[in-house]
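Beneath this line is the structure, given in C-alpha cells, with notes to follow.
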Amino acid sequence: MNNNKNLTITVPLPEPYHTADFLAFHLRDNHHVAEEVTENRVMKGICLHGHPALLTLEISSGEARVTLSTDGPGPLPEDEARMQHLARHMLGLIQPVEEFETQYQDHPLAGPLIRQQKGLRIYQSATPFEAINWAIIGQQISVQAAISIRRRLIQHIGLRHSSGLWCYPDAAHILQTDFDGLRSCGFSVGKANALLALSEQLESGALVLPDVVTPENADAVSASLTAIKGIGTWTVSYALLRGFNYLNGSLHGDVAVRRNLQRLLARDEKITADETQEWLADFAPWRALMAAHLWRLESAAGY
C-alpha cells in the first residue's frame, strides 16, 4: 500500500535568477540515481523523518514551486516551515548577494564581472550533512571518481522513494552500514572512518550543526569538524560553502579560482595561492562569493 503524502509551497525568486546554474549544480551525475533534472525542474530523493521522500523544485514565472512527496507519515505540522527553509536554502536565497553586489559593483577589476553575472548565488546541497559527505568523498580525487563513489554509496544504503529515485541517506542510515560496506563503495580507509565518525557524533548528539554558518560561528563549526580525523580544512571550507551558505571561505587554493584571477588581472604568469588569498581578503565577508564569480567564468557546473 502506498501511503504517499504531498505538500506544495511556492517561493518567489529575485530577478535575475540563474535557473540554468541551479539546474547544472544538480546535474553532476548523469546516471540520475538520486537527482533527475529536466528543462526547469529538479527532482531529488531525500530522507525525511527517517523515510524516503521526493523533493521537486520547478522554476517558472519568477517563482519556484516546491513539492514534497513522502513515503512515510506526514506531512507533519512542522514540515511546511521546514520546506520553506529547505527551498530557500537550496535555491541560495538565504545569501545576501544584493548587498555584496551593491558594495562591489563599482570595483575597478571585479565590478564588470559582478555586474555581468548579477544575481549569482552559491547553490546548496539539500542538507549540511550531504555537503560534508560530498566534501569528504571528493578529497584528492577527480570529480568523476567522486560522483561514482557517491552513487555507489546511495545505492548501497538502499533508501528508495516510490517514484524510483534513490534517496541520499542521513547519518542514521549511514550507520546501518559499516567500514567494509563503505570500502566496497570505493571509500579509502581514511574517508570511511571519517564518514562513520561524523555520523556517530551527529546521531549521539556529540556534534550539533547549525542550519547556517556566519562569521560569528564559523570558527566553532570548523573546529568541531576538523576535530574528526580525516576532515581537514579544505573539506570544511567546501562543506561550509555548499551546505551552510557560508560566503566567507577564501578558496584561494582552488586551481580554477587562481586561473581565472590570472585571467581577470591579465597576468602572464600564474598566480600563487598566497597572492589569491591576499586578493580575496578585500572581499570579506564574501570571499567565497567573489571566488564563485571567478569560477563562473568557466562554467555553471564548475562552481
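Within the chain, the longest run free of exposed loop sites, counting GluC sites (Glu not before Pro) that sit outside DSSP helix and strand states (H, G, I, E, B) and have at most 14 other Cβ atoms within 10 Å, spans 79-215. Contact order, relative form, for the chain: 18 percent (alpha carbon pairs under 8 Å, 6 or more residues apart, mean separation divided by residue count). Of the listed residues Lys44, Lys229, Lys191, the order by accessible area with a 1.4 Å probe, largest first, is Lys229, Lys191, Lys44.
Heavy-atom accessible area for Ser148, with the other protein chains in place and a 1.4 Å probe, reaches approximately 40 Å². Between Ile141, Ile122, Ile231, the GNM of the chain built on Cα springs shorter than 10 angstrom shows Ile141 fluctuating the most.
In the Gaussian network model of the chain, springs joining C-alpha atoms below 10 Å, which of Pro96, Pro77, Pro128 carries the largest mean-square fluctuation? Ranking Pro96, Pro77, Pro128 by mean-square fluctuation puts Pro77 first. Please work out the FRET efficiency for the pair Thr10 and Val208, using the Cβ-Cβ distance as r and a Förster radius of 25 Å; give the result to the nearest 0.05. Efficiency, from the Cβ-Cβ distance: 0.20.
The Lys118 and Val189 beta-carbon pair, evaluated with R₀ = 41 Å, returns a calculated FRET efficiency of approximately 0.35.
The solvent-accessible area of His156, taken with every protein chain present and a 1.4 Å probe, is close to 80 Å².
Ligands, DNA and RNA left out, the 1.4 Å accessible surface of region 3-94 is 49% carbon and sulfur atoms. Each part reduced to its alpha carbon centroid, region 123-178 and region 259-282 end up 33 Å apart. Computed with a 1.4 Å probe over protein heavy atoms only, the accessible area of Asp178 comes to about 80 Å². Considering only Leu165, Leu198, Leu209, the mean-square fluctuation computed in a Gaussian network model of the chain, springs between alpha carbons under 10 angstrom, is largest for Leu209. Across region 3-94, Cα pairs under 8 Å and at least six residues apart give a relative contact order of 35 percent.
Ordered by solvent-accessible area of protein heavy atoms (1.4 Å probe), largest first, the residues Trp134, Trp234 come out as Trp234, Trp134.
The values are calculated or read from the model by the stated rules, or taken from the named source; none is laboratory data. Remember, it's a predicted structure, so these values are computed and weren't measured experimentally. A quick note on method: Cβ atoms are made from the backbone with ideal geometry, for glycine too, and the neighbour counts reach across all protein chains shown. With ligands, DNA and RNA removed, areas are computed over all heavy atoms of the protein, side chains included. Shrake-Rupley method; radii C 1.70, N 1.55, O 1.52, S 1.80 Å.
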